[in-house]
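All remarks here apply to the structure that follows.
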Amino acid sequence: MRFIAIVSAVALAVAAGPVLAQTAPAPLLPVATETSPPDAAREGRLELAERYLVLTQGGDLVKQMRGQIEESYGASGMPADQRDWMAEGMGDLLTEVMELAIVELRDDVADSFTVQELETAIAFYDSPVGRSVVRKQLDMNMELQEVMMPLLMPRITSLMEKFCLRFDCSAMGEAAAKQFR
């Protein structure tokens with residue numbers, strides 16, 4: 001459950017918009033001009049998007065999440081060899097998934113943010129204050145998950161009960177059962 005909360009926290013962090021610095025930084029990459037080829041401009045924007053994602057979703061954040069996974073398994077009561085194996089395996093899995101997610105999101109981030117927004121966000125998140133914000137966001141997202149789950153579960157159950165009163169849920173149950181056979 002804690003791993004799901006960690007992954008959910010990452011998803012929330014990805015969805016969060018960049019915190020903009022108070023002053024505009026010097027451009028990190030040249031902005032496309034009428035004389036520069038469009039592919040070079042796109043490559044520069046993709047590089048900025050990747051740098052932004054690494055600062056906000058990779059690197060230190062993944063290390064922090066790995067630590068939370070290890071801590072979670074440490075409190076699980078599992079035998080030490082199993083706990084260590086699972087913590088390492090889940091940490092490696094998380095690292096791999098985050099690296100792949102960054103690659104998948106790079107185009108979307110490049111399309112969603114302007115060059116100026118990316119440069120400003122990178123300047124902020126590459127600063128000591130920005131790195132602190134990233135760490136604290138993960139902690140706050142974990143707390144949000146812990147607060148939301150007890151509030152969400154009874155409401156989802158109630159909604160599904162109402163849905164099944166209004167519609168026939170037996171077909172859905174049979175389809176779900178077939179998936180697990």
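The values are calculated or read from the model by the stated rules, or taken from the named source; none is laboratory data. Just so it is clear, the structure is predicted and the values come from calculations on it, not from any experiment. With ideal geometry, Cβ positions are generated from the backbone for all residues, glycine too; neighbour counts draw on all protein chains shown. For accessibility, only protein heavy atoms count, side chains too; no ligands or nucleic acids. Shrake-Rupley method; radii C 1.70, N 1.55, O 1.52, S 1.80 Å.
For the range 52-125, a crude dipole built from +1 on the beta carbon of Lys and Arg and -1 on the beta carbon of Asp and Glu, taken about the Cα centre, is about 220 debye to the nearest 20.
Sorted on the mean count of surrounding Cβ atoms within 10 Å across their residues, most packed first, peptides 126-132, 157-163 read 126-132, 157-163. With R₀ set to 22 Å, the beta-carbon distance separating residue 159 from residue 97 gives a calculated FRET efficiency near 0.15. Summed over the residues of the range 64-181 and divided among them, the accessible surface reaches 68 Å² per residue at a probe radius of 1.4 Å. Counting only residues at least eight positions apart within a chain, or on another chain, the lysines with an alpha carbon under 19 Å from that of residue 136 are 63. As a rough guide to protection, the peptides 46-52, 74-80 ranked by mean Cβ packing within 10 Å, highest first, stand as 46-52, 74-80. Taking other residues whose beta carbon is less than 14 angstrom from the beta carbon of residue 161, and scoring Lys, Arg as +1 and Asp, Glu as -1, yields +2.
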